[in-house]
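What follows is one structure encoded as structure tokens, with my remarks underneath.
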Amino acid sequence: MHPINFLPPELLGRVFEACLPRPLPDPYKPLISSSNGHTPILLTLSHVCALWRAVAFSTPNLWNNLAYSITIRDSAASDEDSFLGGAVVEGWLAFRKKDIDFLSWWAEKVRGNNLSLKLESVWATPASSKSLVTIGDFLTTIGVHTRGQSGRLAAQDATFHQWIAPLLGLISRARRLDMEGWLFDFLSTYFGDNSSIDEGLKVYFSNLEVLSTHDGDLEGHADLGDCFDMIPLQRMSKIKALHLNNYVISDAIAYGTFAFWGRLTLLTAVVNSSFDIWRKFLKSCTSLEIACLEVCLDDYDEISAGHRDTTSDLPNLRQVEICGLDNQTAASLFNGLRFPVLKSLTLDGSYLSMENLHRLLKATPELRSLRISMLFPAMTTPEEDDLIALTGDLELIGHVQFPSFGGDVQSVDKDFLRPLSFYVPKLEILSLTLPIVHPIHPGFFESWADKMLKCGWLTDYSRLLIRVSSPFNDGRAHHQITKGIRELRHYIAKQNSLSDGLFPRISVDE
């Protein structure tokens with residue numbers, strides 16, 4: 001017998017726990033990433049021998065993370081030879097019995113523990129139904145509207161209630177839940193306020209702390225206001241983190257639910273609103289610590305940035321990522337706001353001028369890490385502005401422009417053309433994406449880095465680390481970019497050896 005089998009069952013169970021993949025530490029991805037992530041390992045451990053199977057089955061913590069794909073059919077997937085004797089019944093859905101049996105088996109192992117649960121739906125197609133499944137493989141529910149429509153399960157369908165009970169139990173015990181938005185509507189019959197459902201079948205979200213949900217069609221966006229009743233956010237009394245992967249928070253839903261947003265410590269979402277509602281919405285997020293937001297403003301602040309009479313603090317926000325940012329939005333995005341403990345800021349978008357970056361940074365006095373994944377510093381010409389207004393294409397910007405920090409500064413507001421240390425004196429890490437413009441002439445990256453170091457923007461920093469990376473993170477880079485990065489490396493190595501502390505050190509990431 002192998003020595004490991006002499007371990008006490010409790011200790012062997014801990015060894016099994018150490019073998020399992022952990023939920024991702026990244027707060028933006030709080031659940032297991034791959035479908036059925038734990039299942040193969042757990043089944044392998046359970047099949048080694050009777051002892052291991054007994055230990056695995058008696059260790060509930062092993063079963064606290066489940067990502068599973070449920071195969072579903074609806075009336076749109078039926079044909080004359082398949083379900084219901086060839087008759088197409090409008091408005092039915094069918095779960096595969098194999099999936100329900102598996103979830104029931106898993107629920108027995110979880111026992112009373114809370115868990116991280118990720119449920120995906122895979123829709124059976126007419127082509128796959130002939131070769132892979134038959135009517136005996138599915139449990140059919142009559143009286144349910146098809147996908148994309150609103151509807152509740154037929155309360156009188158007792159057989160389906162019995163079959164779906166294990167799934168309902170797992171959802172009720174979920175501490176972290178990743179589920180498509182339409183499934184909430186599908187299961188709404190079982191929400192706690194339905195008096196016609198037995199108490200044992202009701203779904204409560206009293207344990208839920210982290211919710212990740214999307215509309216199902218990840219290529220588009222859905223208005224959260226249209227789905228707010230469908231996704232029972234107001235029932236989730238303990239929720240702290242919300243990932244709205246392709247739902248848009250619009251004016252109506254932001255304005256009418258300020259109290260709800262104040263409970264969150266983490267939010268991932270798209271916000272499409274007026275500037276006034278955006279400011280009120282962000283002010284209502286009083287507990288927010290981490291935010292990843294794509295912001296689309298319908299208008300802009302009429303009061304010049306930095307000159308408001310009143311400023312509102314967000315006292316807990318320490319990490320922010322803004323996606324889809326453009327230069328015009330940046331000019332007023334943080335107007336009237338202040339982030340006294342913000343340590344990390346990421347800006348991702350099209351292009352950004354140095355002036356408008358400084359307008360943002362004036363609200364972040366304690367910033368330690370700044371990442372700019374945009375064409376920077378850049379400005380448009382009047383001709384480009386006209387072309388962008390005509391086409392809406394922000395990729396038309398094709399040049400980098402470094403402003404002057406000395407002499408007669410030509411700026412609308414000279415207060416926003418001071419060295420970087422004036423706005424973020426405690427900055428430790430500055431991460432920049434190499435600007436990709438066309439054409440990329442020889443020496444372009446060297447010239448860009450030389451101006452970055454010598455224009456006066458980075459003066460008064462003694463310990464600042466600058467990280468420069470390629471805009472392509474998937475290995476793509478045509479010959480000119482690869483050659484330009486190589487030349488940039490040689491230039492930076494020379495500058496770092498000769499600077500004698502005059503300039504911050506730069507590193508080039510692969």
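One table, with the values for the structure above:
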{"item": "Residues Trp261, Trp105, sorted so that the one with the fewest Cβ neighbours within 10 Å comes first", "result": "Trp105, Trp261"}
{"item": "Residues His490, His399, sorted so that the one with the fewest Cβ neighbours within 10 Å comes first", "result": "His490, His399"}
{"item": "Order of Phe260, Phe416 under a 10 Å beta carbon neighbour criterion, fewest first", "result": "Phe260, Phe416"}
{"item": "Cα-projected label distance for His2 with Arg338, points at 7 Å along beta-carbon direction, nm", "result": "6.1"}
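Since every read-out is calculated from the coordinates, none of them should be taken as a lab result. Owing to the predicted nature of the structure, the values given are computational and were not obtained by experimental measurement. Don't worry about glycine lacking a Cβ; one is built from the backbone with ideal geometry, like all the others, and counts go over all protein chains shown.
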